[in-house]
Amino acid sequence: MYKASAIKTVRGNSLWYRLKEQKWLFVLMFPAFIATLLFSYGPMFGLYMAFTNYQPGGGSFLHQFFGAEFVGLKWFEYFFSTGDFYRVMRNTLATSLLTLLFGFPAPIILALMLNEAKQGFFKRFTQTVSYLPHFISWVIAANIVITLLASDGMLNNFLVMLGVIKEPVAFLQNGPLFWWIIALSNMWKEMGFSAIMYLAAISAINPELYEAARVDGASRFRQMWHITLPALRPTIVILGILAVGGILNAGFEQQYLLQNNTVLEYSEVIDIYAYKYGLQNSMFSYGAAVGMFKSVVAFILVVIVNNISRKVNDQALF
Amino acid sequence: MKTSLRDRTAQVIIIVLLSLLCVSVIYPFLYMLAVSLNVGSDAAKGGVYLWPREFTLYNYEIVLGNVVIRHAYLITIARTVLGTLIGLAVTLLMAFGISYRMLPFRKQILAYVLLTMLFSGGLIPLYIQLNNLSLLNSFWVYIIPSAFSAWNMFVMMKFIQGIPEALIESAEIDGANPLRILFVVVLPLSKPMLAAIGLFTAVGHWNDWFAGAFYVSDQNLIPVQTFLQQLLSAQDISTVLGSNNNQEALARGTMLSNVTLMSIKMATVMVSAIPILCVYPFLQKYFVKGVLIGSVKG
């Protein structure tokens, strides 16, 4: 057995031999290779249209694509010079930061609470229930949010009953409130699922640490503060860095499904804006330029954040 | 002991907060179930919170009797089954090939895949590309563009690399070609991983409304979730059900007047969510496993 593999490595030095040897592997990988080329690299090269005046119409695609008038950075300048840029970035950042503010600590707190809860049916039940929203579509989640927040909805009825408000509030018709609604519904939908990572990190903690702390008379709270939280630190740092890197991903589905005409000023995050101009108004080049702006900034952020992570945490994502 | 009192208070607070979380997840579904089982015009008066006041199955009769919804359901099932199988196959084959350390150009192929995770062309160029490939307005737009997932590929690769090399080597020495190694050695050992990733892929297909809303304009091709999205933004019930698709229901006009957009919406939500709600409790441990496979870093 040892001999056979030794012979193979000697012969395997020539690249051509290795290619021939592995031709079956290449055949197996071919579909994925082509799919990546068509659906990832194709659109990347398609970004060329952000620098032209692309108009679909008669004639072959290549003719339209390369024949379109080259306009340089016109669409980018247009985006930065209109008031749209300020508004879109404000909405994007506001939504992302609020989502981060609620959505980031929530799974940590949930994991800590689940860890403190006594083993048993209640704990397992809560855990199972808490992941559930992750597995339902945003269409259904949006339906729930809209129903809950409607002027005759649950929340209004409840608040009126308690006497907090005199008459129903139109929650979903209030501009800045829209950011909070998105952030809170993001939190509701994802916190249970994100807690899984933290729970896994907690279950890897050596139980002897807790025993030692108990012997020293540490309360549950002090055990959590001095043992559990420090053990979670690497996970928190990695996930936090990832979250900051994705700050421009303020969402599309949530806004698209929850928005209405009265909050458009606040719901228009960058992806919604690119879609609106690119597809709804058929300004393909402009939409592509806005999308490209986002992709480039997001790429730079991820690279920066990855390097910081490598320095601070000695852990890099790539 | 004085700490135990504090601990007990903490326990109570934790239980209260966790119960609130459970209620916030479970209650909306109970509410939607109650409204969907209530006579529409009666529910519109308000006051239905937990259980139906005037029980009826009529909303479900309309939803399940509607040709458009039934068709959308078939589309959803077809894309979930086909999309999951094809997606798993394409991604697994790539992961298997790339796991082989002696593979020529292995680094370059990895970089080729990794770059797509960091940078994307965005929605508009993808749309144009789908148009070029004649995928717009076709059933295959649900399956082909999402068949290969770079993220899942990396998870699978990590898993396959964890398989003891000796197993693969001994099969190689017995003269097995890569395809045989895949089927005889790798596949049987990868079952839990494939189950987890397959479940995530299936849920993704079941829940996707985006492709149906933006890449497809033919109403005969939309999946349930897209139908639901249209229902969500509909102003009145006729936009969805009135268009002579529901003759038999329209014939019973007196009954139909009791149906509201709200009750139909809720019945459709339940119909589209029930499969997930039903299988979820049994499969959730695989979901958890899937997350943990993905989070193991190498």
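The values are calculated or read from the model by the stated rules, or taken from the named source; none is laboratory data. Values in this document were obtained by computation on a predicted structure and should not be read as measured data. Ideal geometry is used to build each Cβ from the backbone, glycine not excepted, and the neighbour counts take in all protein chains shown. Side chains included, ligands, DNA and RNA excluded: accessible areas come from the protein's heavy atoms. Shrake-Rupley method; radii C 1.70, N 1.55, O 1.52, S 1.80 Å.
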Reported set for the range A:44-55 where residues are open to solvent by less than 60 Å² (accessible area, probe 1.4 Å) and farther than 19 Å from A:F79 by Cβ is A:M44
Selection status of B:P28, of a type outside the set (A, V, I, L, M) and in a helix (DSSP H, G or I) = yes
Within the range A:223-252, the residues that are under 28 Å from A:Y266 (Cβ atoms) and without any contact (Cβ under 8 Å) to a residue 24 or more places away in the chain are A:F252
Restricting the range B:18-57 to residues that are more than 22 Å from the chain's Cα centre (by Cα) and aromatic (F, W, Y), the one farthest from the other protein chains (Cβ to nearest Cβ) turns out to be B:F55
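Conditions tested, residue by residue: (1) among the hydrophobic types (A, V, I, L, M, F, W, C); (2) in contact with a Leu (Cβ under 8 Å, 6 or more places away or on another chain).
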{"position": "A:N260", "(1), (2)": "no, yes"}
{"position": "A:L264", "(1), (2)": "yes, no"}
{"position": "A:S267", "(1), (2)": "no, yes"}
{"position": "A:K276", "(1), (2)": "no, no"}
{"position": "A:Q280", "(1), (2)": "no, no"}
{"position": "A:S285", "(1), (2)": "no, no"}
{"position": "A:G291", "(1), (2)": "no, yes"}
{"position": "A:L301", "(1), (2)": "yes, yes"}
{"position": "A:S309", "(1), (2)": "no, yes"}
Residue match in the range B:171-178 (condition: under 20 Å from A:Q22 (Cβ atoms) and in contact (Cβ under 8 Å) with a residue 60 or more places away in the chain) | yes
Just need a number here: residues in the range A:224-263 that are among the hydrophobic types (A, V, I, L, M, F, W, C), over 16 Å from the mean Cα position of the chain (by Cα) and within 20 Å of A:A141 (Cβ to Cβ).
-> 3
Please enumerate the residues belonging to the range A:259-283 that are touching a residue at least 40 places away in the same chain (Cβ under 8 Å) and open to solvent by less than 20 Å² (accessible area, probe 1.4 Å).
-> A:V263, A:S267, A:E268, A:V269, A:I270, A:Y273
Answer yes if at least one residue in the range A:107-115 is within 16 Å of the chain's Cα centre (by Cα) and in the same structural domain as A:Y198 (by TED's automatic domain parsing), and no otherwise.
-> yes
All-but-one check, A:F171 against (1) under 22 Å from the mean Cα position of the chain (by Cα); (2) surrounded by 18 or more Cβ atoms within 10 Å (Cβ to Cβ), failing number (1)
Residue, farthest from the chain's Cα centre (by Cα), within the range B:92-135, restricted to residues that are small (G, A, S), buried (at least 19 other Cβ atoms within 10 Å of the Cβ) and outside any helix (DSSP H, G or I) | B:G121
Kindly check whether there is at least one residue in the range A:111-133 that is open to solvent by 20 Å² or more (accessible area, probe 1.4 Å), over 30 Å from B:I197 (Cα atoms), out of contact with any helix residue (DSSP H, G or I) (no Cβ under 6 Å at 6 or more places or on another chain) and more than 12 Å from chain B (Cβ to nearest Cβ).
-> no
Kindly provide the set of residues from the range B:85-97 that are within 14 Å of A:M29 (Cα to Cα) and more than 7 Å from every other protein chain (Cβ to nearest Cβ), ordered by number.
-> B:I86, B:G87, B:L88, B:A89, B:L92, B:A95
Members of the range A:235-258 that are hydrophobic (A, V, I, L, M, F, W, C) and either open to solvent by 20 Å² or more (accessible area, probe 1.4 Å) or in contact with a Phe, Trp or Tyr (Cβ under 7 Å, 6 or more places away or on another chain) (or both) | A:I236, A:V237, A:I238, A:L239, A:I241, A:L242, A:A243, A:V244, A:I247, A:F252, A:L257
Determine which member of the set B:R70, B:R8 is basic (K, R), surrounded by fewer than 15 Cβ atoms within 10 Å (Cβ to Cβ) and away from chain A (no Cβ under 14 Å).
-> B:R70
